[in-house]
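To start, the structure under review is shown below, and the notes come after it.
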Amino acid sequence: VRVPVIVVGCKLDLRDEQQPITLEQVMSPIMHQFREIETCIECSAFNHIQIPEVFYYAQKAVLHPTAPLFDQESQTLKPRCVRALKRIFILCDHDRDGALSDAELNDFQVKCFNAPLQPSEIVGVKRVVEEKLPEGVNDLGLTLTGFLFLHALFIEKGRLETTWTVLRKFGYNNDIRLVDDQLPPPIKRAPDQSVELTNEAVEYLKTAFNMFDIDGDGALRPAELEDLFSTTPESPWIEAPYEDAADKNALGGLSLDGFLSEWVLMTLLDPIRSVENLIYIGYPGDPSSAIRVTRKRRTDRRKQQTDRNVLQCFVFGPHQSGKSALLDAFIGRPFADIHVLTTEERYAVNAVDLPGGTRKTLVLREIPEDGVKMLLSRKDALAACDIAVFVYDSSDESSWKRATKLLVDVASQGEITGYEVPCLMVAAKDDLDPFETAIQDATRVTQDMGMEAPVPVSAKLGDFNSLFRRIATAAEHPHLNIPETEAGRSRRHYNRLINRSLMVVSVGAAVAIVGLAAYRVYAARKNSSS
């Protein structure tokens, strides 16, 4: 049951007054078993006893539900409620001294309840907290611990409307997330446009990184990262695809590049969620100023350059070709001798320095071989792709053939839909002996399709032949390295013939029209002279 429940005992007028069993004795075990029960109450319709109260509590259970705020079993505030109240505390702590002064408490009261607190009331509030929880008050005012204690006290005493009023004044809904009005509107964009962080947002994130890097070691350890996200409903990077997508040190800490890379990935995949989390951690600007929509990729190809700061690379390849090892190496993970089959898409993201001093963020998206068919069943499957990489085991002829088939499938999809992408082939496991005709086959196929020769790499030896820089550079020039299939070549040749025929017809028609006009002029002059 996902709605509040009220249990009502009717016919109170028929109860035997001598009956020793109380309502609490009857309902306690039931309420313990069914946590969704908000309230139990008895009434008498015959004698009109507590009838209004029944509907009052029913209404209250909907408008001010207990379940999102309070855990009845542990008698504590729920984590999401704590995180929201912590954010509200920080927003009200204008001088950032870790406590709400009398003036700040009064401002909070006016904002939430449209009425100031009298000095005696402030003293009374702090006295109640200090008696129960000495650390809830210090010389500067009410601490975060005391602020949370007050709200737990309100809820225990049945005054849930107080906490809900506070939450709603600061833009929270019943799920204790920001309401849609607090977020940017849905982003209108074409399938081949993506969303990136603006420079303003990146600079704020750099400041936040330095603020929470308490030990100054240049990395956010898990505890420091949790502290940064302690005002969000939950830490956004604890699950796939973000959990293992960026470079981490031996202690699980994120460097500044890794931290920004995670934000870049979240903005690429779920821009509204990214902005929402920016707001939770204190982004001070207009939420819409944190992101920008890029130019269409088709326009990039026409202009023969891209203005993107984030480049997405789809990584294709057969099983055991070395795709996962490639992604692991990109985010600084050691080579693993034991192969683990990848059954779900995964991401790896990192910054890449390019010639000329520019820097791009490259997102590698690994597509399992079994998932290619489903991916390409969508017309716009390649719209979000800046470059596609095809990895094969250079020691295995079967792997090469399957990679070539994948290349043809993807190239054909691009030709049919108009979402053509640059492609590179990667000859993985270069530390092993190549199959007999490997070099000849690779040269023939790439030349026939108008691509660069495969890039040899060895994850085991750590030799990547500047692969990631090559990928980013190729993506920066979206008009190059676009493979052409036999069917695409025939289609293009046919279209050229049709266009040429239409041009001949058009020229012929134009000549005929000019001739007819000249004849009419000639005829008119002859008539006038006669």
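In summary, GLN59 fulfils each of the numbered conditions (1) in contact (Cβ under 8 Å) with a residue 24 or more places away in the chain; (2) more than 33 Å from the chain's Cα centre (by Cα) with the single exception of condition (1).
Conditions tested, residue by residue: (1) among the aliphatic types (A, V, I, L, M); (2) under 24 Å from PRO284 (Cα atoms); (3) touching a Ser or Thr at 6+ places or on another chain (Cβ under 6 Å); (4) open to solvent by 70 Å² or more (accessible area, probe 1.4 Å).
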{"position": "ILE30", "(1), (2), (3), (4)": "yes, no, no, no"}
{"position": "THR39", "(1), (2), (3), (4)": "no, no, no, no"}
{"position": "ASN47", "(1), (2), (3), (4)": "no, no, no, yes"}
{"position": "GLN50", "(1), (2), (3), (4)": "no, no, no, yes"}
{"position": "ALA61", "(1), (2), (3), (4)": "yes, no, no, no"}
{"position": "HIS64", "(1), (2), (3), (4)": "no, no, no, no"}
{"position": "ALA99", "(1), (2), (3), (4)": "yes, yes, yes, no"}
{"position": "ALA103", "(1), (2), (3), (4)": "yes, yes, no, no"}
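Quick one: which residue in SER289, SER261, SER274 is more than 22 Å from LEU327 (Cβ to Cβ) and hydroxyl-bearing (Ser, Thr, Tyr)? Matching residue, one of SER289, SER261, SER274: SER289. Would you be able to say whether some residue in the stretch 429-446 is under 25 Å from THR306 (Cβ atoms), without any contact (Cβ under 8 Å) to a residue 12 or more places away in the chain and surrounded by fewer than 21 Cβ atoms within 10 Å (Cβ to Cβ)? Checked the stretch 429-446: no residue is under 25 Å from THR306 (Cβ atoms), without any contact (Cβ under 8 Å) to a residue 12 or more places away in the chain and surrounded by fewer than 21 Cβ atoms within 10 Å (Cβ to Cβ). For the stretch 243-279, residues that are among the polar types (S, T, N, Q) and at pLDDT below 95 total 1. Of all positions in the stretch 111-125, at least one carries a residue that is in contact with a Ser or Thr (Cβ under 9 Å, 6 or more places away or on another chain) and free of Cβ contacts under 8 Å to residues at least 60 places away in the same chain. Among the conditions (1) open to solvent by less than 20 Å² (accessible area, probe 1.4 Å); (2) out of contact with any Phe, Trp or Tyr (no Cβ under 9 Å at 6 or more places or on another chain), the only one that SER458 does not satisfy is (2).
Scanning the stretch 415-450 for residues that are farther than 18 Å from SER399 by Cα and among the acidic types (Asp, Glu) yields GLU415, GLU420, ASP448. Checked against (1) modelled with pLDDT under 95; (2) open to solvent by less than 20 Å² (accessible area, probe 1.4 Å); (3) of a type outside the set (Gly, Ala, Ser), VAL166 passes all but a single condition, namely (1). Just one of the listed residues (VAL54, VAL82, VAL137) is open to solvent by 40 Å² or more (accessible area, probe 1.4 Å) and either in contact (Cβ under 8 Å) with a residue 40 or more places away in the chain or touching a strand residue (DSSP E or B) at 6+ places or on another chain (Cβ under 9 Å) (or both), namely VAL82. Can you confirm whether SER395 is hydroxyl-bearing (Ser, Thr, Tyr) and open to solvent by 20 Å² or more (accessible area, probe 1.4 Å)? Judged against the criteria, SER395 is a match.
Across the stretch 345-364, what is the total count of residues that are within 17 Å of the chain's Cα centre (by Cα) and open to solvent by 30 Å² or more (accessible area, probe 1.4 Å)?
Count: 2.
Set side by side, the residues ALA475, ALA442, ALA524 differ, and just one is under 30 Å from ASP380 (Cβ atoms) and either at pLDDT 65 or above or outside any helix (DSSP H, G or I) (or both), which is ALA475. Taking the stated definitions as given, is LEU91 touching a residue at least 60 places away in the same chain (Cβ under 8 Å) and within 36 Å of the chain's Cα centre (by Cα)? When the stated conditions are applied, LEU91 passes them. The C-beta contact set for the stretch 291-305 (first residue over 20 Å from VAL275 (Cβ atoms), second residue surrounded by fewer than 16 Cβ atoms within 10 Å (Cβ to Cβ) and of a type in the set (D, E, K, R), distance under 8 angstrom, 6+ apart or interchain) comprises ARG295/ASP307; ASP300/ASP307.
The values are calculated or read from the model by the stated rules, or taken from the named source; none is laboratory data. As the structure is a computational prediction, the values presented were derived from the model and not from experiment. Because the Cβ atoms are built from the backbone with ideal geometry, glycine has one as well, and the counts that use them run over all protein chains shown. These accessible areas exclude ligands, DNA and RNA; they are computed on the full protein's heavy atoms, side chains included. Shrake-Rupley method; radii C 1.70, N 1.55, O 1.52, S 1.80 Å.
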